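Enquirer: What follows is a single structure, and I will ask about it in a moment.
The values are calculated or read from the model by the stated rules, or taken from the named source; none is laboratory data. Computed from a predicted structure; not experimentally measured. Ideal geometry is used to build each Cβ from the backbone, glycine not excepted, and the neighbour counts take in all protein chains shown. These accessible areas exclude ligands, DNA and RNA; they are computed on the full protein's heavy atoms, side chains included. Shrake-Rupley method; radii C 1.70, N 1.55, O 1.52, S 1.80 Å.
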Amino acid sequence: MLLTLTTTHQPATDLGHLLVKHPDRAHAFEVPVGTAYVFYPEAGEQRCTAALLLDVDPLKLTAARGRGRGRQSASTPESFTLGRYVNDRPYAASSLLASALSRVYRSALRGESRDRPELAATAIPLEVRVPVLRCRGGVAVATRLFTPLGWEVTATAVALDEQHPQWGDSRYVDLTLTGTSRVAEALNHLYVLLPVLDDAKHYWVAPDEVDKLLRAGAGWLAEHPERALIVRRYLAHRRALAGQALERLAAQRPTDEPVADDGIDDAPARDPAPRASLAARRREAVHAALVDAGAQRVLDLGCGGGALLATLIGDRRFTEIVGTDVSTQALALAARRLRLDRLPERQRHRVTLHQSALTYRDERLRGYDAAVLMEVVEHLDPPRLPALEDSVFGHARPVTVVVTTPNVEHNVRYEGLAPGAFRHADHRFEWTRAEFAGWVDRICATYGYSAALRGVGDDDPEVGAPTQLAVFTRI
Ligand code: SAH
């Protein structure tokens, strides 16, 4: 099983830093089903390719499956068949390749790079090739899954036997994806979608698979038009798990959707007359804060799919609206939602989208009246937060900054959210009201701002409102 990743970003050998695998060496890793190798068939300044080869040992594979089954229920004698030892698993890319990928490229999947953090946060030209991919539904399904994520898909069915074309195609495709993407995004797409295309998960699907799926799908799965298919297949058609996953994804969508779809991020489901979704109330509160501040030229930092941008575009008081995000996928979704290509000229020049990482100073963001960080800070690893503080409050320095973030104390009011769990798989932390107030005080003292705090959503006498909002004003 082979998967190659090629870049022409220069110097192309930086790919080695992103994957944490030196291009001059071959690397071998023991994995539960065999051995995974990483090596570089080409490693020049102009073009560099990292290959991941998984050599499956059929005996180890059988042992690994036996273990999986043991966790699910007592093993049954039926499982001792030749098919367990003799099958196509060692030869076809599949869910096994995805689990090897998560083992071998672990930090790259998380978007971390000690030596090249900026490059890890940057979309670079990439080509992914999987020459033999077991693919249920063939070329059409591969195209439906990768195209909405911004990949140009070239997939050809592999003939069953080249000598006998009349026998038709095999179950395999030769897949090439071309696009501009962060390496972490590309790897997360593959980590989720390879097993989905395979549709024959090789291991027992445990409840924590939902968390794994939502973590890997952060930033792209919630709005993928084929998310139902992806979730069903990824969770091996286990209906209860798929239902939970879809519900949690719905809660992440910046809702233009019906309130009932807004899952845990909303009033409890039993509420007989649910009001506007929490996401909608947050947008309203942020919009009102911007209007109160008299802002005209505004930044929506970490704008995601652009729901707030859509609200702001609808208000003529805002003369210039800029959305930024680190994720090109999020920006592509925003552009589609806002129909930027179809806006009349008069409107078009009011709106701009930039790819930008909030952990780096960006000249383009200076000199605005206001900036919004709506449900963004909690997506950063705490050690990266000071870099965001510097770039927003220290460098961009808008007159007004509006920040929203979850109030973790309120989580006990969400049925269906496990104790101690965060509301979103990609949250790195969630703050109590005291913690948020402490952070706000520190920002004010460090950067010369004053601030007012309030809650958004129904205020609960014990645990407070679900969302916390701060309006900072430059002194
Ligand atoms: N503000 C939007 C999206 C919130 S989700 C809303 O409220 O609907 C968090 C967003 O922050 C994601 O789109 C994610 O891509 C973005 N993000 C996370 N880390 C970032 C960083 N370091 N720089 C810029 N954007 C980031």
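Enquirer: Which numbered condition in (1) within 30 Å of ASP441 (Cβ to Cβ); (2) out of contact with any Asp or Glu (no Cβ under 7 Å at 6 or more places or on another chain); (3) within 10 Å of the ligand (Cβ to nearest atom) is the only one that GLY304 fails?
Expert: Of (1) within 30 Å of ASP441 (Cβ to Cβ); (2) out of contact with any Asp or Glu (no Cβ under 7 Å at 6 or more places or on another chain); (3) within 10 Å of the ligand (Cβ to nearest atom), only one is false for GLY304: (2).
Enquirer: What do you reckon, is HIS395 at pLDDT below 95, outside the structural domain of SER107 (by TED's automatic domain parsing) and touching a helix residue (DSSP H, G or I) at 6+ places or on another chain (Cβ under 9 Å)?
Expert: no
Enquirer: Quick one: in the range 317-347, which of the residues that are over 27 Å from the mean Cα position of the chain (by Cα) and modelled with pLDDT of 90 or more is farthest from GLU112 (Cα to Cα)?
Expert: ARG317
Enquirer: May I pose another question? Taking the condition among the aliphatic types (A, V, I, L, M), within 28 Å of PHE472 (Cα to Cα) and not in a loop (DSSP other than H, G, I, E, B), does ALA330 pass?
Expert: yes
Enquirer: Right, something else. What about GLU375, is it charged (D, E, K, R), in contact with a helix residue (DSSP H, G or I) (Cβ under 8 Å, 6 or more places away or on another chain) and in contact (Cβ under 8 Å) with a residue 60 or more places away in the chain?
Expert: yes
Enquirer: I need the full set of residues from the range 368-386 which are modelled with pLDDT of 95 or more and either away from the ligand (no atom under 12 Å from the Cβ) or over 19 Å from GLY304 (Cα atoms) (or both), in order please.
Expert: TYR368, ASP369, ALA370, PRO386, listed by residue number.
Enquirer: Please pick out the residue among VAL130, VAL153 that is out of contact with any helix residue (DSSP H, G or I) (no Cβ under 7 Å at 6 or more places or on another chain) and outside any helix (DSSP H, G or I).
Expert: VAL130
Enquirer: As an exercise: evaluate VAL412 against (1) outside any helix (DSSP H, G or I); (2) surrounded by fewer than 17 Cβ atoms within 10 Å (Cβ to Cβ); (3) of a type in the set (Val, Ile, Thr) and give the number of the one condition it does not meet.
Expert: Every listed condition holds for VAL412 apart from (1).
Enquirer: Please specify each residue of the range 338-356 satisfying the condition of being open to solvent by 20 Å² or more (accessible area, probe 1.4 Å) and within 11 Å of the ligand (Cβ to nearest atom).
Expert: HIS354, GLN355
Enquirer: Between GLU223, GLU247, GLU257, which is modelled with pLDDT under 90, open to solvent by 40 Å² or more (accessible area, probe 1.4 Å), within 16 Å of the ligand (Cβ to nearest atom) and in contact with a Gly (Cβ under 6 Å, 6 or more places away or on another chain)?
Expert: GLU223
Enquirer: Then there is this: For residues that are buried (at least 18 other Cβ atoms within 10 Å of the Cβ) and small (Gly, Ala, Ser), scanning just the range 314-327, find the one that is nearest to the ligand (Cβ to nearest atom).
Expert: Looking at residues that are buried (at least 18 other Cβ atoms within 10 Å of the Cβ) and small (Gly, Ala, Ser), I get SER327.
Enquirer: So which of GLY394, GLY416 ends up being on the phi > 0 side of the Ramachandran plot and not polar (S, T, N, Q)?
Expert: Exactly one residue qualifies, and that residue is GLY416.
Enquirer: Looking only at residues in the range 415-431 that are of a type in the set (A, V, I, L, M, F, W, C) and at pLDDT 85 or above, which one is most open to solvent (accessible area, probe 1.4 Å)?
Expert: PHE422
Enquirer: For the range 313-335, which positions are farther than 25 Å from PRO225 by Cα and touching a residue at least 12 places away in the same chain (Cβ under 8 Å)?
Expert: Residues satisfying the conditions are ASP315, ARG317, PHE318, THR319, GLU320, ILE321, VAL322.
Enquirer: Report yes if some residue within the range 190-203 is within 16 Å of the ligand (Cβ to nearest atom), at pLDDT 85 or above and either small (Gly, Ala, Ser) or open to solvent by less than 10 Å² (accessible area, probe 1.4 Å) (or both); otherwise report no.
Expert: no
Enquirer: Further question: Can TYR91 be described as at pLDDT below 85, closer than 18 Å to LEU133 by Cα and open to solvent by 80 Å² or more (accessible area, probe 1.4 Å)?
Expert: Here the answer is yes, as TYR91 does meet what is asked.
Enquirer: Please tell me if THR311 is assigned to a strand (DSSP E or B) and open to solvent by 10 Å² or more (accessible area, probe 1.4 Å).
Expert: no
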